[in-house]
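Participant: First, the structure itself, so that you have it in front of you.
A short reminder: the numbers here are calculations on the coordinates, not readings from a lab. Computed from a predicted model, the values in this text were never measured in an experiment. Cβ placement follows ideal geometry from the backbone for every residue including glycine, while neighbour counts extend to all protein chains displayed.
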């Protein structure tokens, strides 16, 4: 049963990520990103991390994908679907090369390492448990993360909300 | 139970697909999507290692939560930068953005 779910959601995540990379329309890319995030959340559920699955759906699928779609809408889709790197075609082959090397190294290390599954999982992914640990043992990183979020929020507002005449536009 | 290597393999493939997206795309928004894919793959790795090696410690999940937070902050700032850039130059095509070129 676990294999069925793992296979289904893993293939869904891979299909979503491939769709993000190859689709020429940026809105389609964002929707494929949504598929990938949802499938990853389901994989978290298979792994027993319920709270993370919830956070994944809320933050990634809810907030980030909507943000992407908004920005694609604001910037304009017609300027977005420029997929082919015509000026530097070698860059794509470099990417394929990195892909193959990474897969080879990762595959080798995965085959050579004998990871055993841990026994006796006592519902440690539940929201209650994660919350207790997060607020007791990891309070400082948690608060630092909130400071990061605040800084990002202020920075995003300052960057995006400034209304001034365009500077530095090249003379044409 | 599924061996840990399968999760790690899926995460590795997701990571390199995101990396391929970062390198092959010329549109800044699409590059940011590739970065999000990579961060997501890292999260999957962290959770899988948590589940298989130390399920009685929640540290792996806390790490993944911090990564999600940073990813959200990065997406917000990055997309705000692209909006400011689009306002300034009228494009988010990274080959045409050469403000720092002397």
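Participant: May I ask you to sort B:44, A:34 by Cβ crowding, counting other Cβ atoms within 10 Å and putting the fewest first?
Facilitator: A:34, B:44
Participant: Now for a different question. Report, please, the projected area of the protein assembly as shown averaged over directions, based on the convex hull of its C-alpha atoms, in nm².
Facilitator: If I average the Cα hull's projected area over directions, I get 15.9 nm².
Participant: Suppose R0 equals 22 Å. What FRET efficiency, 1/(1 + (r/R0)^6) with r the Cβ-Cβ distance, do residue A:4 and residue A:127 give to the nearest 0.05?
Facilitator: 0.30
Participant: Okay, next question. Measuring from the lowest to the highest alpha carbon on each principal axis, how far does the stretch A:1-64 reach, largest first, in angstroms?
Facilitator: Projected onto its principal axes, the Cα set of the stretch A:1-64 covers 35, 25, 10 Å.
Participant: Let me ask something else about it. Let me know the volume per residue of the alpha-carbon convex hull for the stretch B:4-96, in Å³.
Facilitator: Spelled out: Cα convex hull of the stretch B:4-96, divided by residues, is 58 Å³.
Participant: Treating the angle as unsigned and between 0 and 90°, give the value, to the nearest 10°, between the Cα long axis of helix B:28-53 and the longest Cα principal axis of chain B.
Facilitator: Roughly 10 degrees between the two axes.
Participant: Using 7 Å Cα-to-Cβ label points, what is the residue A:157/residue B:101 separation (nm, one decimal)?
Facilitator: Label-label distance for residue A:157 and residue B:101, simple model: 3.7 nm.
Participant: Where does helix B:59-89 land angle-wise versus the long Cα axis of chain B, in degrees 0 to 90, nearest 10?
Facilitator: That helix lies at roughly 10 degrees to the long axis.
Participant: Still on this model: Among A:143, B:36, what is the fewest-to-most ranking by other Cβ atoms within 10 Å?
Facilitator: By the 10 Å Cβ count, ascending, the order reads A:143, B:36.
Participant: Turning to a different aspect of this structure: Could you list A:105, A:75 in order of exposure, starting from the residue whose Cβ has the fewest other Cβ atoms within 10 Å?
Facilitator: In increasing order of surrounding Cβ atoms, one gets A:105, A:75.
Participant: What is the ratio of the Cα radius of gyration of the stretch A:127-166 to 2.2 N^0.38 Å, with N the residue count, to two decimals?
Facilitator: Cα-based Rg divided by the globular estimate yields 1.82.
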